[in-house]
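FYI, it's all coordinate maths here, none of it is from the lab. For clarity, every value in this text was computed on a predicted model and none was experimentally measured. With ideal geometry, Cβ positions are generated from the backbone for all residues, glycine too; neighbour counts draw on all protein chains shown.
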Amino acid sequence: MNTSGDYTVLFEAFREARSAYRRLSEKGHGRSDRDLARDPDYLQLYRSGVQLAVIGGAAAIEGAILSLCGTQTDDADQSREELERYWSGMGSWRH
């Protein structure tokens with residue numbers, strides 16, 4: 001990250017991920033990939049994860065997962081597993 005613009009995008013992406021994940025969690029856990037692919041909240045969560053990964057790499061994804069798990073009132077372990085599934089491989093891409 002080299003510019004203040006990167007930080008703005010990073011924090012905005014996290015904020016959007018948090019909102020999308022809250023809405024997605026309210027719809028229930030353990031949904032199929034097919035069902036998720038049609039869900040606008042999942043698509044927003046995915047796009048936010050891409051932004052986080054591009055700007056901050058694996059550290060940003062891991063930090064976002066830990067922070068999102070801390071904001072959930074339900075089982076933090078289940079939230080972590082879901083987010084790791086949703087964002088699997090993000091941050092480890094090679095450009």
Residue selected from the range 20-31 under the condition among the small types (Gly, Ala, Ser) and exposed (fewer than 14 other Cβ atoms within 10 Å of the Cβ), by the criterion farthest from residue 62 (Cα to Cα): 28
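Listed here are the residues, each with its yes/no results for (1) hydrophobic (A, V, I, L, M, F, W, C); (2) surrounded by fewer than 15 Cβ atoms within 10 Å (Cβ to Cβ); (3) touching a helix residue (DSSP H, G or I) at 6+ places or on another chain (Cβ under 8 Å).
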residue	(1), (2), (3)
5	no, yes, no
11	yes, yes, no
14	yes, no, yes
33	no, yes, no
52	yes, no, yes
61	yes, no, yes
64	yes, no, yes
Qualifying residues in the range 1-59 (those that are of a type in the set (Ser, Thr, Tyr) and not in a helix (DSSP H, G or I)) - the one farthest from the chain's Cα centre (by Cα): 3
